[in-house]
Amino acid sequence: MTGSIRLSRLTRSPWFHLLGGPILWIAHFLITYVWVEFACGIRLLVVDSTVLGLTILSWSILIFTLVVTLAACYVGWSAHVNWQRLKRSRPKDEMASWEIEARRFMAFSGIALSALFSLIILLSGLPALALETCT
C-alpha cells in the first residue's frame, strides 16, 4: 500500500501542523452554519425540543464545538511533539540545516496557530449557550 498515508507520517508533516487549526475552524464554521440554517429552515424537531434548558440544536452545536476544539488541540500537541523532536536533531550539512530550521519554524507556528484557532473555535460555539438558534 504505497498510496496510503500513515497517521504517524501525517502528524510529522509541517503542513498538517501549520494548516490544521485554520482548516478545522473553517470546517467548524461552515458545518455549524449549514446545520443551523437547515434545521431552522425546515423546522426540525431539534429546534423545539429542550434538554436542561437548551434546545437539542444548541446541544449539537456545543458538542460539535467541543470535538473540533479537541481536534485543534491535538494538532497543537502534535506540533509541539514534532518541534521538540526537531530541536534535538543535528543536521549533517547546510542543506539539512535549512530544512530542519524550516520544519522547526512551521512546527512552532503550528503550535501558536492551533492555540489561537482552538480559542476561536471555542468562542464561536459558545453563543449557542445564550442565544436562541432560530428566531
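The values are calculated or read from the model by the stated rules, or taken from the named source; none is laboratory data. Remember, it's a predicted structure, so these values are computed and weren't measured experimentally. All Cβ positions, even for glycine, are placed from backbone atoms using ideal geometry, and neighbour counts span all protein chains on display.
Pairs meeting the criteria (first residue in segment 42-61 and part of a strand (DSSP E or B), second residue at pLDDT 80 or above, beta carbons under 9 Å, at least 6 apart or on different chains) are T50/I56; T50/S58; V51/W59; L54/L62; L54/A128; L54/L129; T55/A128.
Matching residues to (1) of a type in the set (G, A, S); (2) at pLDDT 80 or above; (3) under 20 Å from the mean Cα position of the chain (by Cα):
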| site | (1), (2), (3) |
| --- | --- |
| G3 | yes, no, no |
| P14 | no, yes, yes |
| E37 | no, yes, no |
| D48 | no, no, no |
| T55 | no, yes, no |
| C73 | no, yes, yes |
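Taking the listed residues F29, F64, the one that is at pLDDT 85 or above, in contact with a Phe, Trp or Tyr (Cβ under 9 Å, 6 or more places away or on another chain) and either exposed (fewer than 12 other Cβ atoms within 10 Å of the Cβ) or in a helix (DSSP H, G or I) (or both) is F64, with no other qualifying.
Restricting attention to segment 85-109 and to residues that are basic (K, R) and at pLDDT below 75, the residue that is nearest to W15 (Cα to Cα) turns out to be R90. Being assigned to a loop (DSSP other than H, G, I, E, B) and modelled with pLDDT of 80 or more, is that true of even one residue in segment 116-126? There is at least one residue in segment 116-126 that is assigned to a loop (DSSP other than H, G, I, E, B) and modelled with pLDDT of 80 or more.
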